[in-house]
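The values are calculated or read from the model by the stated rules, or taken from the named source; none is laboratory data. Keep in mind that this is a model prediction, so the values were computed, not measured. Positions of Cβ are generated from backbone atoms using ideal geometry, with glycine treated the same way; all protein chains shown enter the neighbour counts. Please note that ligands, DNA and RNA were not included when accessible areas were found on the heavy atoms of the full protein model with its side chains. Shrake-Rupley method; radii C 1.70, N 1.55, O 1.52, S 1.80 Å.
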Protein chains: 2
Amino acid sequence: MRNISRRSWLTTALAGSAALAASLPAAAKPVEAMPEKWDEEFDVVVIGSGFAGLAAAIEAKLAGRSVAVFEKMRNPGGNSIINGGIMGVPGTPMQKKEGIDDSPELMMEDMLREGLGLNHPDKVKKLCEEALPTWQWTIDELGVEWNRDRVSQEGGHSVPRCAIIRNGSGSGIVLKEIEKLKTLGVPIRTRVMMERIIRDADGRVKGVMVRDGYRFPNKDSGKIKFIKARRGLVLAHGGFGADIPYRTIFDPKLTAEIGTTCQPGATSEAWREADRIGCQMIQTDWIQCAPWTSPTEKGMGIALFFAQGAAAMFGVWVEDKGGTRFINELANRKVRADAIMTLLNKGTKCYAVADSLGTAPMEISRPGLLAKMLERGCVRKYETLEALAEGEKINLDGLRASIAEWNKAVDEGKDAHYGRYVNKLAKPMSQGPWYASQMVPKVHHCMGGILTDMDARAIDCASSKPIPGLFAAGEATGGVHGAVRLGSCAITDCIVYGRIAGKSAATASPWE
Amino acid sequence: MRNISRRSWLTTALAGSAALAASLPAAAKPVEAMPEKWDEEFDVVVIGSGFAGLAAAIEAKLAGRSVAVFEKMRNPGGNSIINGGIMGVPGTPMQKKEGIDDSPELMMEDMLREGLGLNHPDKVKKLCEEALPTWQWTIDELGVEWNRDRVSQEGGHSVPRCAIIRNGSGSGIVLKEIEKLKTLGVPIRTRVMMERIIRDADGRVKGVMVRDGYRFPNKDSGKIKFIKARRGLVLAHGGFGADIPYRTIFDPKLTAEIGTTCQPGATSEAWREADRIGCQMIQTDWIQCAPWTSPTEKGMGIALFFAQGAAAMFGVWVEDKGGTRFINELANRKVRADAIMTLLNKGTKCYAVADSLGTAPMEISRPGLLAKMLERGCVRKYETLEALAEGEKINLDGLRASIAEWNKAVDEGKDAHYGRYVNKLAKPMSQGPWYASQMVPKVHHCMGGILTDMDARAIDCASSKPIPGLFAAGEATGGVHGAVRLGSCAITDCIVYGRIAGKSAATASPWE
């Protein structure tokens, strides 16, 4: 009986499921009580003041709409303003200057491979194609200043393609976005917390209920106000990396014992609300730990710029017991963080090590930063390799062998052991002083989130159709990065899709 | 500025997020229109008639409650009735007979390791501790007949611990559960499709809207009825493996080109509805492909019992080009399916190969099945290894070397190449006739789903608290298996948590 019925079933399986998805009601959410009156009204309301939200606000305003940006924290910028300041862009003048061949196709290949094919390919394609014009837009429209001498390389990219913001931080974009909005007459209203999304009986999102004067994390603070969004609400509220109870729902390993690079406002309130009103959430269990953070610093810190920009590109990463390399230093973040966590669980510590030749390029891309690291003690300086091994308690013979191995790779232009990319600027490690920093992974980025279509419209979990009036972009969304966001692709993602969300919201028809 | 504010933020991050999660309203869902009258009323309403739903119904009825079981398809049993019929249980008499040391702790270790630590540990612990008493319950309470001679081994388990149902299929449990319910006076009502979950303004689930007389997949078929659930609604609707549009939302790789072992009713309607009314969904992107299915059979087929029960335990898995082994034949399903898909994408085919000594144990655990496989042509028989290599177009020299390698492992009790478990019953491969089947992965099981607490209460996505009146178990839930469900753990999961869900629903206080 089993097999006969299974066979007859199967003939209808495909047709059946497609029909079901297509036929479910477009707006299956139940009735939301509408406010008796709206306190304020805008064409477009943006939640969140990071890269994505600000880009959306700029485009909506440039399209001639009235716009409000709400930020729950005291200061604008979210995680973006403490971001490391690199943007994945294929085909920049800096790449050309360094003689690096690159293309949107190669970047797409990298993102899909490292994302384990969980990425939605059309989203990745768009991001890679729009990266260069979007980078140019940051210059032409915002006046962002980029380092014109160097590109950087983050893990998982097959070539160096990360443009570096001149001031070395995401603030170099965020502050320019805020300036632009100021000239456009759009203020960033901080301490306004979105508590409810108002989705009406017809399925359309019509506005939000906020707490104006909110003081994080006091949920009862602030005055309740109803804000009407005549054309669109743009959710750009970022990730939840700092929300331990919420993140452990999806990945129970990410307990309070693990730190985070995120600002404390990276919590789940907007995630819960988006989920509640019917957004299709996807891949929320893919929560990235950054591999390169220092245990002596709180949050993201600055040691990472040494571990990544000096040691991973021009030095070595070794474990203390044997002094040996343990991973491709330019593997993606997940691969590297997993490797370090596995060793940590065995009581083995991991260090980034570079010589003075290896730190030299960083002095060009991020002038003055090394001195600051030494001052803080998150990176330590030794006159000799022997002193470094003794000071950091790293096996000296193993360390020497690791350096010899890497130096051979530099000579031959090929890393036989881990297949690591050998930068054209790399020189054999040989010249003191020597530098080291320990690395302990911290929760960094949420790859999952709200599913959106190519117009950044949020998708309904019941119908798989767009929720009228609702748009989303940036870390609040899922599907662009799949299993692993490559370093430097957050800015690209946020600005490309933030702008699309702003344009889409601006051109949506008003609901009254 | 960046670093100062970041530091001060961090002191409140943990306290803040915990406070937020605790303070959100327990029932944050908006008003659902209640029906004017209920057509029928039960203490406990169960959706789905697989292992979990039926176990829940039995426990609810044994607790003295009125119970209804609704199944949308024409026949009861869902994927359970076509399940391969093995149950992961540490400490059975059969294990003792074969001299295999095992414990709930070892099983838990296996599940967490292979699940990549995405599993909720308390859920895994409970499952492993309850496995043996639950297996005993299937005998004492249901009269399920188990093979008393052998245990089987599925990938990822560190020892053979899979009890085998005597009739070789999940139907050996499902039919006994249905019989039990019949004696208890609980009918399985087929062709009843749950279209809506009725969640009231107070946040409690109070019943369902169904289509009685539904004919899958016609969404408009059947008569609308409102069914009141006085104490509890139990969602045991299984997975969505057959729903291509829905599964590609979460994992875009799982296109229509990839088959499925699931019955065609494994679609998303109940998933979308559970999500819509506010269930916290987790890990929905972890969708397992089974490695061992044959491309010549539709659906699950029967060749898998050869590929797994003969070749993976006592033979070898090789690729055609080189005739070489390509993976630990007893690695978990994801590892093996990924390896096969990677090779397939390069135009390389993968085969399970066993000799007559290797198929002999299967003749004991599943008598008569080999003849059926040969008759269907999904497994092919050859008098000599040479003929097999020629017939299947496998590199003969490589195949010989692979067999020699495995035979050495059998002699030494240790597989030097892949660390594969060497079964105590294994003998060197030497005796014809020889058998082979090709393997092409198919979508098999959804690891993610509704988050539940230890009492099988469904958790609200806004509040992280239980949704009053709503319970869930089995494949419809997430968090037990993490990244990879080990073969044979589905039955254990479904019956352990199905019973808990039934008991919890039965003891919930009635809403009027």
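Data table
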| item | result |
| --- | --- |
| Single residue of the stretch A:60-109 satisfying the filter (more than 14 Å from chain B (Cβ to nearest Cβ) and within 15 Å of residue A:174 (Cα to Cα)) that is most open to solvent (accessible area, probe 1.4 Å) | A:86 |
| Candidate set: the stretch B:41-56, residues that are over 18 Å from residue B:265 (Cβ atoms) and among the hydrophobic types (A, V, I, L, M, F, W, C); chosen: the one surrounded by the fewest Cβ atoms within 10 Å (Cβ to Cβ) | B:42 |
| Subset of the stretch B:129-183 that is among the β-branched types (Val, Ile, Thr) and in a helix (DSSP H, G or I) - its residue that is farthest from residue B:85 (Cα to Cα) | B:183 |
| Residue B:357 being among the hydrophobic types (A, V, I, L, M, F, W, C), within 18 Å of residue B:433 (Cβ to Cβ) and at pLDDT 95 or above | yes |
| Options B:286, B:271: the member that is more than 7 Å from chain A (Cβ to nearest Cβ), closer than 19 Å to residue A:462 by Cα and at pLDDT 95 or above | B:271 |
| Flag if residue B:197 is open to solvent by 10 Å² or more (accessible area, probe 1.4 Å), touching a strand residue (DSSP E or B) at 6+ places or on another chain (Cβ under 9 Å) and more than 30 Å from residue B:351 (Cβ to Cβ) | no |
| Any hit, the stretch B:352-361, residues being out of contact with any helix residue (DSSP H, G or I) (no Cβ under 6 Å at 6 or more places or on another chain), at positive phi and not in a helix (DSSP H, G or I) | no |
| Yes/no for residue B:294 being surrounded by 23 or more Cβ atoms within 10 Å (Cβ to Cβ), of a type in the set (Ser, Thr, Tyr), facing chain A (nearest Cβ under 9 Å) and more than 15 Å from the chain's Cα centre (by Cα) | no |
| Selection status of residue A:220, surrounded by fewer than 24 Cβ atoms within 10 Å (Cβ to Cβ) and either in contact (Cβ under 8 Å) with a residue 40 or more places away in the chain or within 12 Å of chain B (Cβ to nearest Cβ) (or both) | yes |
| Residue that is farthest from the other protein chains (Cβ to nearest Cβ), among those in the stretch A:301-315 that are among the small types (Gly, Ala, Ser) and either part of a loop (DSSP other than H, G, I, E, B) or in contact with a His (Cβ under 9 Å, 6 or more places away or on another chain) (or both) | A:315 |
| Scope the stretch B:312-363; condition in contact with a Ser or Thr (Cβ under 6 Å, 6 or more places away or on another chain), of a type in the set (Gly, Ala, Ser) and open to solvent by 10 Å² or more (accessible area, probe 1.4 Å); matching residues | none |
| Where residue B:434 falls short, out of the listed (1) within 14 Å of chain A (Cβ to nearest Cβ); (2) open to solvent by 10 Å² or more (accessible area, probe 1.4 Å) | (1) |
| Subset tally (residues that are of a type in the set (Phe, Trp, Tyr) and either at pLDDT below 95 or part of a loop (DSSP other than H, G, I, E, B) (or both)) for the stretch B:24-43 | 1 |
| Options A:386, A:375, A:392: the member that is open to solvent by 20 Å² or more (accessible area, probe 1.4 Å), within 19 Å of residue A:321 (Cα to Cα) and not assigned by TED's automatic domain parsing to the domain that holds residue A:244 | A:386 |
| Qualifying residues in the stretch B:110-136 (those that are open to solvent by 50 Å² or more (accessible area, probe 1.4 Å) and within 14 Å of chain A (Cβ to nearest Cβ)) - the one farthest from residue B:333 (Cα to Cα) | B:122 |
| One residue from B:139, B:165 being within 14 Å of chain A (Cβ to nearest Cβ) and either within 19 Å of the chain's Cα centre (by Cα) or farther than 28 Å from residue B:419 by Cα (or both) | B:165 |
| Residue A:493, sole failed condition from (1) closer than 20 Å to residue A:330 by Cβ; (2) in a helix (DSSP H, G or I) | (1) |
| Checking residue A:263 against (1) under 25 Å from residue B:115 (Cβ atoms); (2) within 12 Å of chain B (Cβ to nearest Cβ); (3) assigned to a loop (DSSP other than H, G, I, E, B), the condition it does not meet | (1) |
| Filter result for the condition that a residue is in contact with a strand residue (DSSP E or B) (Cβ under 8 Å, 6 or more places away or on another chain) and over 30 Å from residue B:510 (Cβ atoms), over B:380, B:400, B:457, B:376 | B:380 |
| The stretch A:159-175 residues that are not assigned by TED's automatic domain parsing to the domain that holds residue A:146, paired with ones that are open to solvent by 10 Å² or more (accessible area, probe 1.4 Å) and of a type in the set (Ser, Thr, Tyr) (beta carbon under 7 Å, 6 or more apart) | none |
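Quick grid of which residues meet (1) of a type in the set (Lys, Arg); (2) assigned by TED's automatic domain parsing to the domain that holds residue B:490; (3) within 30 Å of residue A:448 (Cβ to Cβ):
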residue: B:263; (1), (2), (3): no, yes, yes
residue: B:276; (1), (2), (3): yes, yes, yes
residue: B:284; (1), (2), (3): no, yes, yes
residue: B:299; (1), (2), (3): no, no, no
residue: B:307; (1), (2), (3): no, no, no
residue: B:313; (1), (2), (3): no, no, no
residue: B:327; (1), (2), (3): no, no, yes
residue: B:348; (1), (2), (3): no, no, no
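Yes/no per residue for (1) surrounded by fewer than 24 Cβ atoms within 10 Å (Cβ to Cβ); (2) of a type in the set (D, E, K, R):
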| residue | (1), (2) |
| --- | --- |
| A:245 | yes, no |
| A:252 | yes, no |
| A:255 | yes, no |
| A:258 | yes, no |
| A:262 | no, no |
| A:267 | no, no |
| A:273 | yes, yes |
| A:278 | no, no |
| A:284 | no, no |
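Here is a yes/no grid of residues against (1) open to solvent by less than 10 Å² (accessible area, probe 1.4 Å); (2) small (Gly, Ala, Ser); (3) within 12 Å of chain A (Cβ to nearest Cβ):
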| position | (1), (2), (3) |
| --- | --- |
| B:459 | no, no, yes |
| B:463 | yes, yes, yes |
| B:478 | yes, yes, yes |
| B:493 | yes, no, no |
| B:501 | yes, yes, no |
| B:506 | yes, yes, no |
